[in-house]
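This report concerns only the one structure given below.
Read-outs: derived from the displayed coordinates by stated rules, not from any lab. From a predicted model like this one, the values you see are computed outputs, not experimental measurements. Reconstructed Cβ throughout: ideal geometry from the backbone, glycine too, with neighbour counts over all protein chains shown.
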Amino acid sequence: MTSLSPNLSDRDRVLEATDLVALVGEHVALKPKGREHVGLCPFHDDKSPSMSVVTHKGNAFYKCFACGAAGNAIDFAMEFHKMDFPEALRHLASRAGIELRGLRDEGPKDPATSRESLRKAMAAANRFYRKCLADERLGATARAHIAKRELGAEAVELFELGASPEGWDHLVKHVERLVSHANAGGETLHRESFEALGLIRPGQRGPIDGFRGRLMFPIHDELGNCIAFGARALQEGDEPKYLNSPDSPLFSKGRTLYALHHARRAIIETKHALIVEGYVDALALHAAGIKNVVATLGTALTKDHARTLQRMAERITLVFDPDTAGERAADRAVETFLAVPIDVRIAKLPDGLDADELLAREGGRAEFDQAIEAGEDALAWMVRRFRADLRGASGMSGQQQRLQGLLQKLGELGFRSVDPLRKQFVLNALSEMVKVPVATLMASMPAPRVTNATEAPVTVQAPATEAPSAPRHRARHTAERNFLAAVLGMSERADVRVVVGDAGSMPLAEAFAEDHFDHPDHRQLWTLLAARIESGKSFHVQDIGADAGVPTIKLLAFELYETGSRRMESADALQSLQAAASDLDRILRQSAETPLSSRKALDDTTLVAVMDRLRREGHRPGAIARAVRSDARNATAGTIPADSHRMETPS
Ligand code: ZN
């Protein structure tokens with residue numbers, strides 16, 4: 001938008017009235033840090049909090065130091081909710097209770113299939129199905145089903161349940177009425193929008209309803225807009241039992257979680273998300289006051305689901321039905337979460353009950369809470385499942401096949417790049433089980449398949465060595481730049497101290513050695529900077545430029561100086577420097593992992609003990625990895641980690 005835009009004043013009023021921390025905080029767990037708030041960036045696969053929301057100096061903006069996403073509240077709405085500018089403006093205005101003055105509705109290019117028209121059509125269908133559920137005749141079967149499942153009126157209302165009537169064209173006729181009413185001056189609606197959403201489909205004798213004779217569960221986006229339906233058959237033998245809306249510009253099955261719009265606040269507050277298998281389970285749990293619950297849409301959990309939850313929660317508990325299908329679903333879920341640095345557990349409900357059945361019985365709530373508390377660590381679960389699988393295999397070749405299958409799967413899932421602690425836990429347990437050395441197991445593991453076009457291909461190396469992961473390499477590069485920019489961007493440097501790792505505070509020049517920088521240009525620039533800092537006199541970027549001699553280093557220095565000083569205008573200089581130093585230190589520690597084969601392996605009991613101890617102290621998974629590394633050093637030196645003798649291994 002240029003300054004000539006007639007929307008300028010609307011835009012400014014909306015920005016002024018929007019609390020950016022609150023806005024971002026509705027979707028991302030934010031923590032105050034100095035004068036900023038930080039959290040996991042929702043725009044890239046963020047592993048450490050890279051996004052900060054800066055609100056002082058009157059101009060609120062967010063900025064991701066890793067992927068470069070940045071902007072104001074309107075940009076956030078546009079990027080996060082995939083809105084266009086007028087949509088974002090309207091959304092934020094209505095959120096802040098502002099009436100827009102100057103926004104003209106120029107109309108979308110294709111009026112019937114614009115996101116706005118599709119949203120209106122979804123909302124209209126939702127209203128229609130809800131009316132049908134209340135209708136004495138059309139909603140009778142659906143209401144009987146609701147009564148049988150003991151879903152309360154409150155839950156039905158909260159989740160906007162509806163009924164698609166039996167018969168061929170109830171919705172078709174309703175839409176015809178709406179469209180002609182729209183032509184007579186009502187809200188603009190197009191039949192094509194309903195068709196694009198699968199609500200109406202072509203039949204042999206004209207259009208027919210897409211959903212017939214089903215209990216309708218509207219599926220919402222994070223803002224609570226209806227974007228799709230999950231529809232349960234009400235007649236015995238109607239197939240499929242659950243029918244979902246097709247993917248559309250509003251809805252992607254692999255990205256959406258049921259009930260997230262009601263759950264996200266509780267998930268962010270408790271930092272804990274429960275995932276259940278069905279709509280009805282989610283409904284029953286919400287109705288019982290357990291709000292941090294979402295459900296999958298009858299699909300396996302995807303990496304996108306994992307990412308969505310990761311930016312809100314530090315812990316995820318999978319609550320799956322205690323049958324074979326449920327166990328297989330849990331297996332797949334564990335695989336999905338394998339590469340995500342998040343605490344994942346599997347909870348089993350007692351007596352083979354579903355969540356809604358358990359809650360319905362006396363004392364069920366307490367039993368449910370207990371089952372969640374007793375959730376089994378996902379890796380322990382995986383190892384235990386494999387052990388059972390192995391026992392079922394006949395003879396050496398059968399066992400070998402099972403092992404090869406597992407290694408194949410782990411490799412493809414990107415096992416090589418998972419957190420070192422988790423990796424070692426699995427490898428040690430497997431090695432113990434099959435009596436094969438860890439190094440041989442690693443060597444038999446294939447390199448990961450590149451499944452996502454946005455992920456750069458991973459270099460395949462000799463199988464016994466670790467393939468460097470491209471994302472980690474990028475992250476290191478970014479961290480190096482950020483640190484150098486922070487150093488260049490602050491005016492007082494000589495006596496600044498930073499805290500890195502467990503070493504406590506130290507002079508800035510000593511925090512990193514030359515060879516801590518991977519990129520040769522970064523290495524050279526740091527050498528120059530460190531020398532100047534050590535001299536104890538203040539200096540300017542021009543001095544560094546002069547020292548450099550080489551044009552590329554000079555250019556780099558100026559470029560980073562600009563970035564750095566711009567950042568310092570909007571943030572506390574020392575804090576930014578400290579944050580950049582910590583980031584770089586963390587990444588260095590990750591990539592400095594010695595190969596597993598050459599390191600003295602910790603036994604499972606010790607690993608589990610350390611994990612448990614840290615978990616009880618409320619640390620994040622990253623802290624667990626760090627602590628285990630330092631415990632590993634102690635163990636190699638002959639000391640025993642604190643209180644490991646008290647712990648039992650869960651597997
Ligand atoms: Zn980002």
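For residue 317, the residues whose modelled amide H falls within less than 5 Å of its own, excluding neighbours fewer than 5 places apart on the same chain, are 273, 274, 275, 345.
Within straight-line reach of residue 31, meaning a Cα separation under 21 Å, sit the following lysines at least 8 residues removed in sequence or on another chain: 47, 57, 63, 271.
Taking each of 148/253; 131/241; 82/423 in turn, the alpha-carbon distance tops 25 angstrom for 148/253; 82/423.
Sorting 251-257, 378-384, 515-521 by their mean Cβ neighbour count within 10 Å, with the most densely packed peptide first, gives 378-384, 251-257, 515-521. Taking the alpha-carbon distance from residue 537 and a cut-off under 26 Å, which lysines remain once sequence neighbours fewer than 8 residues away in the same chain are dropped? Within the straight-line limit of under 26 Å, residue 537 reaches these lysines: 554. Between the amide H of residue 71 and those of 62, distances stay under 5 Å, these residues lying 5 or more places away or on another chain, with hydrogens modeled in the peptide plane.
Across segment 361-372, computed HN-Hα scalar couplings (Karplus, 6.51 cos²θ - 1.76 cosθ + 1.60, θ = phi - 60°) run 8, 5, x, x, 4, 5, 5, 5, 4, 4, 4, 5 Hz from first to last residue, x flagging Gly and Pro. Working note: Karplus 6.51/-1.76/1.60 with θ = phi - 60° gives segment 392-405 the couplings x, 7, 9, x, 4, 5, x, 5, 4, 4, 4, 5, 4, x Hz, where Gly and Pro are set to x.
Residues whose amide H falls under 5 Å from that of residue 163, counting only those 5 or more places apart or on a different chain, are 130, 132, 133, 216, with hydrogens built in the peptide plane.
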